[in-house]
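Visitor: Below is a structure I'd like to ask you about.
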Amino acid sequence: ILNVEQSPQSLHVQEGDSTNFTCSFPSSNFYALHWYRWETAKSPEALFVMTLNGDEKKKGRISATLNTKEGYSYLYIKGSQPEDSATYLCAYTSGTYKYIFGTGTRLKVLA
Amino acid sequence: EAQVTQNPRYLITVTGKKLTVTCSQNMNHEYMSWYRQDPGLGLRQIYYSMNVEVTDKGDVPEGYKVSRKEKRNFPLILESPSPNQTSLYFCASSGRMDNEQFFGPGTRLTVL
């Protein structure tokens, strides 16, 4: 059974802190790894889609790296702001159009 | 505006009463998918469609049906809903697997 694990499950950080979380996924048959940001009462919004080993993506203060050989991706947030508070989801696909999502990391940024 | 729409947004129904949740996208995407979200569990894929008339099961297809007669629409059908199908449902679409998925606003379904 394919499994995607995210850690930590939740964390609280102070405004201005930098933080990072992990997504672990099967290293075999890898096709793409997606990161989504999901705010309460809204729907998930895509942050990054990563396909190549060693990929690094950046959007503003948020960046992500990908290691397909060992099956993990890191999401970094630099200088966290209260508006960064959300659940961050990752999803793995092996190329069959099946997506397997992790349970997410719930981030709370305290002002 | 590029978007995925779902209807209804909220629905309370009773066991056994057939229902359909509609999903429509205006981005000419080939790929569409249905997910359910339950507390403590990640988004779980119910069914997906790679193109018109091409659908396949996700991880939790039991109790659901789908159809893809037109590119823009991908309805989710519950022939005989049961309380364990009470959940938050999302429809999503994308152009390709290495493209981002666009999610609809969600449908909160309660089956009594």
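Just so it is clear, none of the values below were taken in a lab; they were calculated from the coordinates. This one's a predicted model, so the numbers in the text were calculated from it and none came from an experiment. All Cβ positions, glycine included, derive from the backbone under ideal geometry; neighbour counts span all protein chains shown.
Visitor: For segment B:49-68, which positions are under 30 Å from residue B:83 (Cβ atoms) and not polar (S, T, N, Q)?
Guide: B:56, B:57, B:58, B:59, B:60, B:61, B:62, B:63, B:64, B:65, B:66, B:68
Visitor: With (1) away from every other protein chain (no Cβ under 14 Å); (2) touching a Ser or Thr at 6+ places or on another chain (Cβ under 6 Å) as the list, and residue A:33 as the residue in question, which single condition is left unmet?
Guide: So the condition that residue A:33 fails would be (1).
Visitor: Being among the aliphatic types (A, V, I, L, M), within 13 Å of another protein chain (Cβ to nearest Cβ) and part of a strand (DSSP E or B) is the filter here; which residues of segment B:23-74 pass it?
Guide: Those that are among the aliphatic types (A, V, I, L, M), within 13 Å of another protein chain (Cβ to nearest Cβ) and part of a strand (DSSP E or B): B:32, B:46, B:50, B:54.
Visitor: Could you please find all residues in segment B:21-56 being farther than 22 Å from residue A:41 by Cα and surrounded by fewer than 21 Cβ atoms within 10 Å (Cβ to Cβ)?
Guide: Result: B:26, B:27, B:28, B:30, B:31, B:50, B:51, B:52, B:53, B:54, B:55, B:56.
Visitor: Using the structure shown, decide if residue A:51 is of a type in the set (Val, Ile, Thr) and without any contact (Cβ under 8 Å) to a residue 40 or more places away in the chain.
Guide: yes
Visitor: Could you count how many residues in segment A:87-111 are under 15 Å from the mean Cα position of the chain (by Cα), among the aliphatic types (A, V, I, L, M) and surrounded by fewer than 21 Cβ atoms within 10 Å (Cβ to Cβ)?
Guide: Residues flagged as under 15 Å from the mean Cα position of the chain (by Cα), among the aliphatic types (A, V, I, L, M) and surrounded by fewer than 21 Cβ atoms within 10 Å (Cβ to Cβ) within segment A:87-111 amount to 0.
Visitor: Also, I was wondering about something else. Taking residue A:64, is it more than 24 Å from residue B:89 (Cβ to Cβ), assigned to a strand (DSSP E or B) and within 14 Å of another protein chain (Cβ to nearest Cβ)?
Guide: Here the answer is yes, as residue A:64 does meet what is asked.
Visitor: Can you work out which of the residues in segment A:42-61 that are part of a strand (DSSP E or B) and surrounded by fewer than 17 Cβ atoms within 10 Å (Cβ to Cβ) is nearest to the other protein chains (Cβ to nearest Cβ)?
Guide: That would be A:45.
Visitor: Same structure, new question: Checking the condition in contact (Cβ under 8 Å) with a residue 24 or more places away in the chain, of a type in the set (Asp, Glu) and either under 22 Å from residue B:91 (Cβ atoms) or surrounded by 20 or more Cβ atoms within 10 Å (Cβ to Cβ) (or both), which residue from A:39, A:5 passes?
Guide: Answer to the check: A:39.
Visitor: For segment A:71-100, which positions are under 19 Å from residue B:96 (Cβ atoms), in a strand (DSSP E or B) and hydroxyl-bearing (Ser, Thr, Tyr)?
Guide: Hits for segment A:71-100 are A:92, A:93, A:99.
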